[in-house]
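Before any comments, here is the structure.
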Amino acid sequence: MQIQIEIIQHFFPEFSPHTLHRLQQLCVLVCEKNKVVNLISRKNIDQIIEAHLLPSLAILKKFSFTERTMILDVGTGGGFPGIPLAIATPHAHFTLVDSIGKKIRAVEEFVTALELKNVTCIIDRAENLKKKYDYITGRAVANIVDFRRLVEPLRKPNGKILYLTGGDIMPENNMEIIDLFTLCPQLYCKTKKLLVIYPPTA
């Protein structure tokens, strides 16, 4: 499968050739593995960059991670948004968790093949985790109310929840709703949103 990396380079000209190559490799690995393990929707597998990679990377248009940043990707599935973010920010540390063993084993294969040293993979349910994180990411895991309730105990006092979703969203307290199209303007993202849930205000 031919993966056109130019579209990523267009929106993220700051990415090094090495980063772009790794992102391209990830797309190839996911597409191949998806033939035997259902990691992402097969109906848009040919749009993996537009439907999966760019929405994940769009987070970096709004937030930056330092070498001390700890990110938890809940219900990581095929590794989105966790692995693209880990490739683009190798100085931050990412924990990818999913309760479905075959998905995490596939993600572990990707991490090994891409030689990512900043990623830890865990087969478990998020509610069983004990650590707290600076950012908690998720994508189409559950409705935002349930997801927020699930991960709230896992974020640090100043931590943020970053959730990728589509459809109409009812605003909640401390929530910012960002159209992905404004962060990464290309066709597929027009219906997608990044929900940012900030810490409760005093």
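Could you check the range 19-122 for helices (runs of 4 or more DSSP H) lying wholly inside it with 2 or more residues that are of a type in the set (Asp, Glu) and modelled with pLDDT of 95 or more? Result: 101-113.
Right, Ala106: under 15 Å from the mean Cα position of the chain (by Cα), over 25 Å from Arg68 (Cα atoms) and not charged (D, E, K, R) or not? Considered against the rule, which asks whether it is under 15 Å from the mean Cα position of the chain (by Cα), over 25 Å from Arg68 (Cα atoms) and not charged (D, E, K, R), Ala106 comes out as no. In the range 121-144, the residues that are under 22 Å from Leu39 (Cβ atoms) and in contact (Cβ under 8 Å) with a residue 60 or more places away in the chain reach residues that are aromatic (Phe, Trp, Tyr) and part of a helix (DSSP H, G or I) with C-beta atoms within less than 8 angstrom, at least six apart or across chains, in these pairs: Gly138/Phe147; Val141/Phe147.
One residue alone among Leu114, Leu180, Leu154 is surrounded by 15 or more Cβ atoms within 10 Å (Cβ to Cβ), touching a residue at least 60 places away in the same chain (Cβ under 8 Å) and over 30 Å from Leu20 (Cβ atoms), and that residue is Leu154. Just one of the listed residues (Asp134, Asp98) is among the acidic types (Asp, Glu) and surrounded by fewer than 22 Cβ atoms within 10 Å (Cβ to Cβ), namely Asp134. Scanning the range 32-54 for residues that are surrounded by fewer than 18 Cβ atoms within 10 Å (Cβ to Cβ), closer than 25 Å to Lys117 by Cβ and either of a type in the set (A, V, I, L, M, F, W, C) or touching a Leu at 6+ places or on another chain (Cβ under 8 Å) (or both) returns a single hit, Val37.
The values are calculated or read from the model by the stated rules, or taken from the named source; none is laboratory data. Predicted model only: the values in this text are computed from it and were never measured. Glycine gets a Cβ as well: all are built from the backbone with ideal geometry, and neighbour counts include every protein chain shown.
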